[in-house]
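**Student:** Following this message is one structure expressed as structure tokens.
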Amino acid sequence: MTRVPLLSVENLTVQFRGDRGWVTAIEDVSFEIGAGENLGIVGESGSGKSVSALSILRLHGRANTRYASGAIRFGGRDLLSMSERELRKVRGGDIAMIFQDPMSSLNPVLTVAEQIIEPLQLHQGLSAAAARRRAIELLEMVRIADAGRRIDEYPHRLSGGMRQRVMIAIAIACQPKLLIADEPTTALDVTIQGQILELLRDLQREIGMSVVLITHDLGVIAEFAQRVLVMYAGRVIEQAPVAALFDRPMHPYTDGLIDAVPKLEGDLHRLTTIPGNIPDLATVIPGCRFNPRCREAKDACRRDPPALLPVGPDHLSRCPPRAAAGGAV
Ligand SMILES: Nc1ncnc2c1ncn2[C@@H]1O[C@H](COP(=O)(O)OP(=O)(O)OP(=O)(O)O)[C@@H](O)[C@H]1O
Ligand SMILES: [Mg+2]
């Protein structure tokens, strides 16, 4: 790859301590995102999307988390080896995050104003009056009508879509270079989902930031991202430009996800799903972690852990192209 990445995650392995010792939540995860690029991360529930995202800013509880291997490079520095103090400047400054659960991320006892003004004063040293003016501008940027009045409301007075807009306004307050949005539209109805994605796309252009968008919905990825990372059971199993992923999916798991995207035509009640469940973190599966659910699994898939290998331009997969897979692999 020739582009200079804004962020590169290299061979990241993260473990958590549970009742029965340490378990590996994500293993050997690598990806890059360029300036102004939109990267989608997709996978079923429990595949390790949020763990990957939260690891970028080291947001897991310290006592029971081990960053067992890897590096996270941002602007030439490794976020994994930064001090907490240095990292605090990056959080909400150059890298902002919209969390998966918007209800718990907005403080119910503070007004919208109080929640937007704080990061502006902290990171940009604005006076109270200047921060309030900027906060109203930000609410207007995220298309909240009557922002001058809405800013003094408490979160519970706002609709779900409006709360998500406020979250986005807080996230972009300091003009981040990178926005990590973890399932920003999942709790919203379809119309509002579309509006929020459009808003993110507009803001991305206006601010020139990069966006990592996490979702379990490949339909959302198709609309939003340029490149896609497909995760399964804590590993990246395929990575490709969005068009290549839909035109030539290489991994049977990706095939399954694509089949599960609701089609406009056809019977909405008969959605395909991938049979079986994602394994528990403590379950050891020899070979390819997807093999117990894979229709195409062969002996080698049950024996040898597959490597993530190039299968096309900027396209990596842990499953070889099908024609070759019929052979001795
Ligand atoms: N702090 C933690 N301690 C222990 N296990 C954790 C912790 N955080 C996540 N996990 C486990 O790691 C695995 C991956 O979780 P993660 O939250 O990344 O999934 P996800 O892909 O974001 O799923 P979803 O679509 O449901 O949000 C899950 O098995 C989860 O239970
Ligand atoms: Mg998640």
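**Student:** Just checking, does the range 46-55 include any residue being within 16 Å of ligand 2 (Cβ to nearest atom), basic (Lys, Arg) and not in a loop (DSSP other than H, G, I, E, B)?
**Tutor:** From the range 46-55, those within 16 Å of ligand 2 (Cβ to nearest atom) are 46-55; that's our starting set.
With the extra rule that they be basic (Lys, Arg), the set shrinks to 49.
Still in the list and also not in a loop (DSSP other than H, G, I, E, B): 49.
The answer is yes; a qualifying residue exists.
Table: residues versus (1) in contact with a strand residue (DSSP E or B) (Cβ under 6 Å, 6 or more places away or on another chain); (2) closer than 16 Å to Glu37 by Cα; (3) aliphatic (A, V, I, L, M).
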position: Gln175; (1), (2), (3): no, yes, no
position: Pro184; (1), (2), (3): yes, no, no
position: Glu198; (1), (2), (3): no, yes, no
position: Gln204; (1), (2), (3): yes, yes, no
position: Ser210; (1), (2), (3): yes, yes, no
position: Leu229; (1), (2), (3): yes, yes, yes
position: Tyr253; (1), (2), (3): yes, no, no
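**Student:** Now for a different question. What residue, of Gly148, Gly194, is in a helix (DSSP H, G or I) and within 25 Å of the chain's Cα centre (by Cα)? Outline the logic, then answer.
**Tutor:** Values: Gly148 fails: within 25 Å of the chain's Cα centre (by Cα).
Matching residue, one of Gly148, Gly194: Gly194.
**Student:** Is it true that some residue in the range 22-35 is within 14 Å of ligand 1 (Cβ to nearest atom), charged (D, E, K, R), modelled with pLDDT of 95 or more and over 21 Å from Val4 (Cβ atoms)?
**Tutor:** yes
**Student:** Are any of the residues in the range 316-325 charged (D, E, K, R) and at pLDDT 95 or above?
**Tutor:** yes
**Student:** For residues in the range 42-58 being more than 10 Å from ligand 1 (Cβ to nearest atom) and in contact with a Phe, Trp or Tyr (Cβ under 9 Å, 6 or more places away or on another chain), which is least open to solvent (accessible area, probe 1.4 Å)?
**Tutor:** Filtering the range 42-58 for residues more than 10 Å from ligand 1 (Cβ to nearest atom) gives 56-58.
This time we only want the ones that are in contact with a Phe, Trp or Tyr (Cβ under 9 Å, 6 or more places away or on another chain), so: 56, 58.
Details: Ile56: 3, Arg58: 40 Å².
Selected residue: Ile56.
**Student:** Right, next: Can you tell me which residue in the range 89-112 is nearest to ligand 1 (Cβ to nearest atom), limited to those that are surrounded by 12 or more Cβ atoms within 10 Å (Cβ to Cβ) and more than 20 Å from the chain's Cα centre (by Cα)?
**Tutor:** Asn107
**Student:** Can you name the number of the only condition in (1) open to solvent by 20 Å² or more (accessible area, probe 1.4 Å); (2) part of a helix (DSSP H, G or I); (3) within 26 Å of Gly256 (Cβ to Cβ) that Leu188 fails?
**Tutor:** Here Leu188 clears every test but (2).
**Student:** What's the total number of residues in the range 31-41 that are assigned to a strand (DSSP E or B) and open to solvent by 40 Å² or more (accessible area, probe 1.4 Å)?
**Tutor:** Qualifying residue count, the range 31-41: 1.
**Student:** Right, next: Only residues that are over 21 Å from Leu308 (Cα atoms) and in a strand (DSSP E or B): list them for the range 213-245, please.
**Tutor:** Answer for the range 213-245, where residues must be over 21 Å from Leu308 (Cα atoms) and in a strand (DSSP E or B): Leu213, Thr215.
**Student:** Right, Ala243: open to solvent by 40 Å² or more (accessible area, probe 1.4 Å) and at pLDDT 95 or above or not?
**Tutor:** yes
The values are calculated or read from the model by the stated rules, or taken from the named source; none is laboratory data. Model, not experiment: these values are computed from the prediction. Using ideal geometry, Cβ is built from the backbone for each residue, glycine included, and neighbour counts are taken over all protein chains shown. For accessibility, only protein heavy atoms count, side chains too; no ligands or nucleic acids. Shrake-Rupley method; radii C 1.70, N 1.55, O 1.52, S 1.80 Å.
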